[in-house]
Amino acid sequence: MIEKIQTLLSEVQTLKAGDEKEWEALRLRYMSKKGALNELMNDFRNVPAEQKREVGMRINELKTAVQDKLNELKQALAVKEEDHSGIDLTRTPYPVRVGTRHPLTIVKNEIIDIFSRLGFSMAEGPEVEDDWHVFGSMNFADDHPARDMQDTFFIEQRPDIVLRTHTSSVQSRVMETAEPPIRVICPGRVYRNEAISARAHCFFHQVEGLYIDKDVSFTDLKQVLLTFAREMFGADTKIRLRPSYFPFTEPSAEMDISCNICGGKGCGFCKHTGWVEILGCGMVDPNVLDANGIDSKTYKGYAFGMGVERITNLKYQVKDLRLFSENDVRFLDEFMAAH
Ligand code: PHE
């Protein structure tokens, strides 16, 4: 009997199953009622008492070997089923629809990137704002005609709540809470009540900047803006500042860059002047510092603000502002390579 078990044991080691059917046949051959193991158990009754211990152990050994082998074969079959030979896993799925970033996002990120390298951090605030943060704290007197400069959307029945017309409101919120030195840029969407056309829209995007410290001069402002212009439009870019007016800055200026389309020679885009306007800026009016809880005797600051659409227009020559908000994929797809 021991010999028979021994033979079965070595037989089990050589078993093979090519598919489920063959595996099942093996299971029946060894483990079923009429299978080899049960047969051995039947014979076991006739084993003399003094050999029972040894034979019993051998039978158990065989049983474990059979079970192990069957499990092993079963696993091998499962792996075989998952075999993907014949499928090319390296092939690119088709059609591929990779999303693109919106051109305004691409340009906004670039602006943020340039200023963050100059040490500015980012601040954001609400689009639905109170009158104080948009106008009052920014030195617009109640009856100041400058309020008309920015055609404001008011919330019905709440004349004190507006859709912000510039992100200067975020500057105000930062000044309220932070201690100088303050160096922030405020990107965001702003609203103005204008008829929608190729050149104007009722909403657009701005990035404004604010720097407040003890010794801040107009020269600092000019140098930062020159660096920005060169980073954004190329190392040959020139800037010029023209006197202007904003209620929140004194002195105030508007900045032009040499037309990046004709290189300053004069073309249709720059109306043959060689210059295009890109932003407003100035030294923060002391009234604004005081209104926002910063002592204007100790601190000075500069601020600037630009339209993201305008910068994008210069970079990519988008002729019609409406394209930015229509979500036409034919337009958006053109920026596939930009980022
Ligand atoms: N807030 C101004 C605007 O919306 C831009 C600006 C910001 C000008 C800061 C000067 C300084 O037109």
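The numbers here are math on the coordinates, done by the rules we state, and not lab data. Keep in mind it's a predicted model, so treat the numbers as computed, not measured. No Cβ is skipped: glycine too gets one built from the backbone with ideal geometry, and neighbour counts run over all protein chains shown.
Ranked by Cβ crowding within 10 angstrom, fewest neighbours first, how are Lys16, Lys74, Lys315 ordered?
On the way: Lys16 10, Lys74 13, Lys315 16.
In order of increasing Cβ crowding within 10 Å: Lys16, Lys74, Lys315.
Once backbone amide H atoms are built at 1.01 Å from N, Ile278 has Met255, Asp256, Ile257 as its partners under 5 Å, excluding neighbours fewer than 5 places away on the same chain.
Listed by chain and number, the lysines whose alpha-carbon sits under 22 Å from that of Lys297, ignoring those within fewer than 8 places in the same chain, are Lys214.
Centre-to-centre separation between the Cα atoms of segment 271-339 and those of segment 189-242: 5 Å. Working ranking of peptides 200-210, 320-330, 256-266 by packing, defined as the average number of other Cβ atoms within 10 Å per residue, highest first, is 200-210, 256-266, 320-330.
List the relative contact order of the chain as a percent without decimals, with contacts defined as Cα pairs under 8 Å and 6+ residues apart. Relative contact order comes out at 15 percent.
Sequence-ordered 3J(HN,Hα) estimates for segment 235-248 from the Karplus curve with 6.51, -1.76 and 1.60 and θ = phi - 60° stand at 5, 7, 5, 9, 10, 9, 10, 10, x, 8, 9, 9, x, 9 Hz, glycine and proline given as x. Using 0.36 nm per residue and subtracting the Cα-Cα separation, the extra length available between Arg189 and His144 on full extension is 13.8 nm.
Over segment 2-82, the Kirkwood radius and the radius of gyration, each from Cα atoms, give a ratio Rg/Rh of 1.05. Relative to the current alpha-carbon distance between Ser85 and Ser197, full extension at 0.36 nm per residue lengthens the span by 34.5 nm. Within straight-line reach of Lys265, meaning a Cα separation under 27 Å, sit the following lysines at least 8 residues removed in sequence or on another chain: Lys222, Lys238, Lys315, Lys319. Which angle between 0 and 90 degrees, to the nearest 10, do you get for helix 2-13 versus the longest principal axis of the chain when only C-alpha atoms count? Between helix and principal axis, roughly 30 degrees.
Remark: segment 16-28, residue by residue, has Karplus-estimated 3J(HN,Hα) of 9, 9, x, 8, 4, 4, 4, 5, 4, 4, 5, 4, 5 Hz, where x stands for each Gly or Pro and the curve is 6.51 cos²θ - 1.76 cosθ + 1.60 at θ = phi - 60°. Per residue, the convex hull around the alpha carbon atoms of the chain comes to 307 Å³. Extending each Cα 7 Å along its Cβ direction at Thr273 and Lys238, get the distance between those two points in nm, one decimal. It works out to 1.5 nm between the two label points. Measuring nothing but how far apart in sequence close Cα pairs (under 8 Å, 6+ apart) lie, relative to its length, segment 2-82 scores a relative contact order of 43 percent. How compact is segment 257-339 by the rule of thumb for globular proteins, expressed as Cα Rg over 2.2 N^0.38 Å? That ratio works out to 1.58.
Rounded to the nearest 500 deg cm²/dmol, what is the calculated helix-only ellipticity per residue at 222 nm for the chain, with -39500 (n - 2.57) per DSSP H run of length n ≥ 4?
Details: 12 runs with 134 residues, N = 339.
Result for the chain: -12000 deg cm²/dmol, rounded to the nearest 500.
For segment 106-116, the Karplus equation 6.51 cos²θ - 1.76 cosθ + 1.60, evaluated at θ = phi - 60°, returns couplings of 4, 5, 4, 4, 5, 4, 4, 4, 4, 6, 6 Hz by residue, with Gly and Pro reported as x. Please give every one of the lysines within straight-line cross-link reach of Lys52, meaning a C-alpha to C-alpha distance under 29 Å, and leave out same-chain neighbours fewer than 8 residues apart. Reachable lysines: Lys4, Lys33, Lys34, Lys63, Lys69. Scanning residues 5 or more positions from Gly209 or on other chains, those with amide H under 5 Å from its amide H are Cys186, Phe304, Gly305, with H placed 1.01 Å from N in the peptide plane. The long axis of helix 49-81 is offset from the longest Cα principal axis of the chain by roughly 40 degrees.
With a simple spin-label model that places each label point 7 Å from the Cα along the Cα-to-Cβ direction, the separation between Thr100 and Val128 comes to 3.4 nm. In plain terms, the residue of Ser121, Ser172 with the fewest other Cβ atoms within 10 Å comes first and the most crowded comes last, giving Ser121, Ser172. Using 0.36 nm per residue and subtracting the Cα-Cα separation, the extra length available between Glu50 and Asn109 on full extension is 12.4 nm.
Report the residues of segment 285-301 in range of a label on Gln223: point 7 Å along Cα→C-beta, backbone N strictly under 14 Å from it. Within reach of a label on Gln223, which here means backbone N under 14 Å from a point 7 Å along Cα→Cβ, segment 285-301 contributes nothing.
Amide H contacts of Thr152 (H built 1.01 Å from N, in plane; Pro and chain starts excluded): Asn193 sit under 5 Å, all sequence-distant by 5 or more or on other chains.
Of the residues Val162, Trp23, Leu332, the one whose Cα sits farthest toward the positive end of the charge dipole of the chain, with +1 on the Cβ of Lys and Arg and -1 on the Cβ of Asp and Glu, is Trp23. Can you tell me the 0 to 90 degree angle between the C-alpha axis of helix 168-177 and the longest principal axis of the chain, rounded to 10? Computed tilt is about 80 degrees.
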